[in-house]
Amino acid sequence: MAAANMDVVGYVDRWSGASGDRFHFHVSAERPTYRAELVRLRHGDSHPDGPGFLAERVPSSFDGEHQGVVQPLPTGSHVRIDNLPAMEAITLSAWVWPTTPGGDGQCIFALGDPAGESALSVAFEDGQLTLEASTPAGHIRVTVPGAVEPRQWLFVAATVDHGGVRLYRHAGAFAPGVAATVTSKDSLSGWVPGPGRRLVLARRRVGPANGPCGFNGKLSAPLVFDRALSDVELDRLAADDRAISDSALGRWDFAAECGGVGVPDRSGNGLHGVAVNRPTRLVTGHRFSGRTTQPAEAPEEYNAAHFHDDDLSDADWDPSFAFIVPPELESGVYAARLTAGDKSDYVPFVVRGRPDRPRARVAVLIPTVSYMCYANSALDPSVLPPDLTPLQDTTSCPDERAYVRRHGLKSLYDKHSDGSGVCMATMLRPMPVNARPNGRSMLNGSAHQLGADLSILHFLDASGITYEVLTDHDLHQEGAAALSPFSVVLSGTHAEYWTGSMLDGLEAYQQAGGRFVYLSGNGLYWVTALSEDGALAEMRRHHGTRSWTAEPGEAHLSLTGELGGLWRHRGRAPQRYVGVGFAAQGFGAGSPYRRTPASRDPRAAFIFAGVTNEVIGDFPVLVAAHGAAGYEVDRADVDLGTPPHALVVASATGLDDSYQNAIEDTEGMTPYHGGTNCPRVRADMVFYETPRDGAVFSVGSIAWCSGLSYKGYDNDVARITENVVRAFATPGPLPGVVRPAP
């Protein structure tokens, strides 16, 4: 049997493609063979009260049996510097901020032959600073006595020459009056200073990765010298003597080129490094003063990187098979279904229509950036009071969650093994939790992300509405051009993570007359950045409703240098784009909407055509049990950007106290922030017009779409949604809109 009960798992190298584009699938299988087949995903939520899980077989070039190969997950970030010159002697130094100094494998430096083991390493062993050196004549080990405290800056240096080795430790200005500790050992015969050696920072192995390994903590201002510095010189270096550091053979700048994997060498000797598995950059170093939190204003205070033994930016698995999109394949959400024995994995991807020849007026924008950020989340409701998670289901997706735990996979809601927040997520890894069509959230036992978003596609199919599908990544890359072929674009159910390019693209589409249907709750929320290839997403949680908090001074995104946190705090609140923004989250039952007097405005008549109820969505739904407003809900707020002419046509109040007002709305701590006593805890349904016959309709609830299928789509949630989509897809002014005289 496979470890962690998953016999086969995989990932794909891109989220979307059109006719002629190639997808590469990477698979690890515990069995000798596995089967792969293409399916079109029609509905994801397996709740018995809905349509159920629906995946339709589609013949493809990769259908059939494939050879199973176990592919490892080499976690742990580090920096690799190749081709060091020959050196008769060497000094290695860095400022170190260890977070788990008592753990295994906490190596700061390693030097050796890339094809073999390290000849020299400096690490924390059993909480003490230790140097080990191996030569053809033997092995030397030196330890500086005294435990190393976590989360404290420490200057560390090691010197090696033919006479022996020395290990140096000093707290510098962080412990005034405390002298350096130096431990020496002589008689290091056989030291071979040949060229072509590799220096590795934050990992013991200098050769290929072989399983998890790595250092937890920050390294700042690493240096290498081609001589053995004296104790006096090391004292000066610990005191930040720039004359000493400027004479180094290698001097690496972690504050530069943070958007890529390069770590430039400022010595002029060209010993540039490569960051593997993306250690966190734009973090504070040992010189951080707090006088500014803008890295661009004081780059010398950000010459550091935070390494983690569970970082992963690319699993780097060998490709298992490829798929070229044939011209006849309709736009939609598809998956490679991988099966080994009685275990399966679905690897989803999106097929777009031809951007220059759309076949539909309607498009669904699949929130792939949010999928990446939520993927493999380990949020455990059992740590919360039971009354806050009355619908929790910790038994959901047991095989998938066991696989995630065993391999140390993380989401942006989790913390690294050293307790720091995870701020980077990659699509180049297995994502069996939260990015699969049949997944469920433990928080309320409901479908979430892709599994919930498929309910929109099934509704459109059931309503006979032709549509195409595109992704956040397409919008980020192409801007408004990705949306402009369509009369109306529908969001997913939880489109939370947005890049600046995505917001710019949506805004330009709206200003050009595009119409947007926001079927989400808590969307357009976090400032997010993507790497140049789109495979890596980054955010920093320093404000907002959050599962961890960034360290002081570490609010900027390394991929772009921009300030992270909430778009609201950068003057780009969701209300500016969709009329509503995050108000509350809760994991209990939802609530129905009630129409407002504004719903009688002639401008909104088309929305409620055929709707006779005053109360909307007052029935069982697939997410949050009951009521179309639930899980996470949004409200209108003119002060935050809701247009003054917007109509709030319905509101959902009456949520219980498992729903708490968003932290960013709360200026003081009181017991009056729950659904039973806080008027801000509500979902608003909003409609308004935008330039050139454009318009926005927003429901402000994650649970809304899970009510579409109730009674076979014969209900007011489905009717309102269909009314809006059909009207928005029809050219010309909307019904009830009177154009002003020219």
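Where a number appears in this text, it was derived from the coordinates with a stated rule and is not lab data. If you're wondering where the values come from, they're calculated on a predicted model, not measured in any experiment. Methodologically, a virtual Cβ is constructed for each residue, glycine included, from the backbone with ideal geometry; neighbour enumeration extends over all protein chains shown.
When you filter the GluC sites (Glu not before Pro) in segment 615-673 for DSSP loop state and at most 14 other Cβ atoms inside 10 Å of their Cβ, you are left with Glu667. Annotation: peptides 722-735, 224-237, ranked by per-residue average of other Cβ atoms within 10 Å with the highest first, follow the order 224-237, 722-735.
At a 10 Å Cβ-Cβ cut-off, how would you order His66, His494, fewest neighbours first?
Values: His66 18, His494 25.
Ascending Cβ contact count within 10 Å gives the list His66, His494.
Mind pulling the angle between the C-alpha long axis of helix 398-407 and the longest principal axis of the chain? Nearest 10 degrees, somewhere in 0 to 90. Long axis of 398-407 versus the principal axis of the chain: about 30 degrees. Residue-wise HN-Hα couplings along segment 421-432, as the Karplus relation 6.51 cos²θ - 1.76 cosθ + 1.60 with θ = phi - 60° gives them from phi, are x, 7, 10, 10, 9, 10, 8, 8, 6, x, 10, x Hz; Gly and Pro carry x.
With Cα atoms defining each centre, segment 699-717 and segment 325-368 are spaced 24 Å apart in the structure. Sorting the segments 578-591, 26-39 by their residues' average number of neighbouring beta-carbon atoms within 10 angstrom, most packed first, yields 578-591, 26-39. Among Lys218, Lys711, Lys343, Lys185, the order by Cβ neighbours within 10 angstrom, fewest to most, reads Lys711, Lys185, Lys343, Lys218. Positive-end ranking of Phe109, Ala175, Leu237 along the dipole of segment 78-307, with charges on Cβ about the Cα centre, is headed by Phe109.
Maximal additional length on extending the Ile663-Val69 stretch stands at 209.2 nm, based on 0.36 nm per residue less the C-alpha distance. Of all DSSP-defined beta bridges confined to segment 78-307, some 100% are antiparallel rather than parallel.
What the phi angles of segment 538-552 give under the Karplus curve with 6.51, -1.76 and 1.60, with θ = phi - 60°, is a coupling list of 9, 8, 10, 9, 10, 9, x, 6, 8, 9, 7, 10, 5, 4, x Hz, glycine and proline written as x. The long axis of helix 716-729 is offset from the longest Cα principal axis of the chain by roughly 80 degrees.
Using the average count of surrounding beta-carbon atoms within 10 Å as a protection proxy, the listed peptides 254-266, 427-439 rank, highest first, as 427-439, 254-266. Label segment 63-109 by shape, choosing from rounded, prolate and oblate, from the square roots a ≥ b ≥ c of the eigenvalues of the Cα gyration tensor; if a/c is under 1.5 it is rounded, and otherwise prolate applies when a/b is larger than b/c, oblate when it is not. The shape class here is oblate.
Can you tell me the dipole magnitude for the chain around its Cα centre, using point charges on the Cβ only (Lys, Arg +1; Asp, Glu -1), in Debye to the nearest 20?
820
Can you find, among Pro145, Ala157, Val79, the residue farthest towards the positive end of the dipole of segment 78-307? Put +1 on the C-beta of Lys and Arg, -1 on that of Asp and Glu. Positive-end residue among those listed: Val79. Shape call for segment 612-742 from the C-alpha gyration tensor, a ≥ b ≥ c root eigenvalues: rounded (a/c under 1.5), prolate (a/b greater than b/c) or oblate? It is oblate, given that a/c is not under 1.5 and a/b is not larger than b/c.
Treating each Cα of segment 371-448 as one equal point scatterer and applying the Debye formula with no solvent, the log10 of I(q)/I(0) at q = 0.13, 0.19, 0.24 Å⁻¹ comes out as -0.37, -0.79, -1.19.
For the chain, the longest principal axis of the C-alpha atoms and the axis of helix 450-463 are separated by about 30°.
Please report, in debye to the nearest 20, how large the charge dipole of segment 78-307 is about its Cα centre when each Lys and Arg carries +1 at its beta carbon and each Asp and Glu carries -1 there.
420
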